[in-house]
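The structure under discussion appears below in the form of structure tokens.
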Amino acid sequence: MGILQNINTYHSKEPTVVTIGTFDGVHVGHQKIIKRLVDAGIKNDLKSVILTFFPHPRMVLQKDTGIKLINTIDERSDILNSLGLDYLLIKKFTKEFSRLSAEDFVKKILVDKLNVKKVIIGYDHRFGRNRNADFEDLKRFGEIYNFEVEEISAKDIDDVSVSSTKIRTALKEGDITKANTFLGYQFMLTGMVSKGKGLGKQLGFPTANIVIEEDYKLIPKYGSYIVSSIINDQLVYGMMNIGMNPTVNGENESIEVHFFNFDDTIYNKKIQINLLKRIRDEQKFESVEALKNQLSKDKQASLDYIKTQDI
């Protein structure tokens, strides 16, 4: 898959089939649309293209929105790359771009830049300045500029009772099982491993401290989770704590992973942590010894769960 981040210098010489959206989460509903896009490209000898936007429009147009995203832009790109697309075009979303009229968007972006011959879009999709154009407008532009418009019907969309908003809510509530079901894959956190204070090692549970640079990335509810990761081409499992470490009077939010049967040095390495199941809420224990006892129980619960899973 080709990833293009500068639309200003891009002009497709090949005819394309395009769908448009933010696709945060690339969940099972999105995947249904993308499969349709890829299949249409193969059937009609067109290059399949997703036109997505970053930052999220709400981040630009509603400065105080506080919206957190399911995926970083790199995570989103990696997931889309696995779905058989020809091109991912990431358009920088700005206030200036938001003021582009619907017809200018169609002519200057879809026609002139993408050489579009077919657009696949949801029945409720809106676009252009103030989002004032709809599916019927797009069909009218298609007649003018010679491209076909295929509708994803209300039934097709409503049959998949999932949305990015529902997934964000599940993650904020700590319901990782529901979030993963909606996503169709395991929710991930991607960050650099940094040196911590070594408290985990003192407790007998050395941890990798994960630093996530993207402040817009949604962090799930505080607590302990069973996780997996691919490190140095090796599948490893572990347990992760997200929170403030109240038992040892922690002052800052931290994400710490204790990997099982793994002792490689991975400082300053970027890794992806996949969340499999939530174990419990974060707690403040009456003593460090009580915390150690709970960590032992968490580890055994994690190992028991891993044994039962085909993962």
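Taking the stated definitions as given, is Ile50 surrounded by 18 or more Cβ atoms within 10 Å (Cβ to Cβ), closer than 22 Å to Lys166 by Cα and in contact with a strand residue (DSSP E or B) (Cβ under 8 Å, 6 or more places away or on another chain)?
Against the criterion (surrounded by 18 or more Cβ atoms within 10 Å (Cβ to Cβ), closer than 22 Å to Lys166 by Cα and in contact with a strand residue (DSSP E or B) (Cβ under 8 Å, 6 or more places away or on another chain)), Ile50 does not qualify.
What is the one condition in (1) surrounded by 15 or more Cβ atoms within 10 Å (Cβ to Cβ); (2) modelled with pLDDT of 95 or more; (3) more than 24 Å from Ile42 (Cα to Cα) that Lys172 does not satisfy?
(1)
A quick yes/no check of all residues on (1) assigned to a strand (DSSP E or B); (2) touching a Ser or Thr at 6+ places or on another chain (Cβ under 6 Å); (3) of a type in the set (D, E, K, R):
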position	(1), (2), (3)
Lys35	no, no, yes
Phe53	yes, yes, no
Asn71	no, no, no
Ser77	no, no, no
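Taking the options Asp112, Asp124, name whichever one is farther than 19 Å from Lys13 by Cα and in the same structural domain as Ile7 (by TED's automatic domain parsing).
Unique residue meeting the criteria: Asp124.
Are there helices (runs of 4 or more DSSP H) fully within segment 101-195 with at least 3 residues that are in contact with a helix residue (DSSP H, G or I) (Cβ under 8 Å, 6 or more places away or on another chain) and touching a residue at least 60 places away in the same chain (Cβ under 8 Å)? List them. Reasoning before the result, please.
On the way: elements: 135-145, 154-158, 164-172, 176-183.
Fully inside segment 101-195 and qualifying: 176-183.
Do you know which of the residues in segment 19-33 that are assigned to a helix (DSSP H, G or I) and touching a Ser or Thr at 6+ places or on another chain (Cβ under 9 Å) is nearest to Leu138 (Cα to Cα)? It would help to see each step written out before you state the result.
First, pick out the residues of segment 19-33 that are assigned to a helix (DSSP H, G or I): 28-33.
In the following step, the residues that additionally are touching a Ser or Thr at 6+ places or on another chain (Cβ under 9 Å) were identified as 28-30, 33.
Values: Val28: 25, Gly29: 22, His30: 20, Ile33: 18 Å.
Checking each candidate, the answer is Ile33.
Can you tell me which of (1) within 23 Å of Asp215 (Cβ to Cβ); (2) free of Cβ contacts under 8 Å to residues at least 40 places away in the same chain; (3) aliphatic (A, V, I, L, M) is the one Ile242 doesn't meet?
Of (1) within 23 Å of Asp215 (Cβ to Cβ); (2) free of Cβ contacts under 8 Å to residues at least 40 places away in the same chain; (3) aliphatic (A, V, I, L, M), only one is false for Ile242: (2).
For segment 146-165, state whether one or more residues are modelled with pLDDT of 95 or more, touching a Leu at 6+ places or on another chain (Cβ under 8 Å), crowded, with 17+ Cβ neighbours inside 10 Å and assigned by TED's automatic domain parsing to the domain that holds Phe93.
yes
The values are calculated or read from the model by the stated rules, or taken from the named source; none is laboratory data. Treat the numbers as computed from the prediction; the structure is a model and nothing was measured. Quick reminder, even Gly has a Cβ in these numbers, built from the backbone with ideal geometry, and neighbours come from all protein chains shown.
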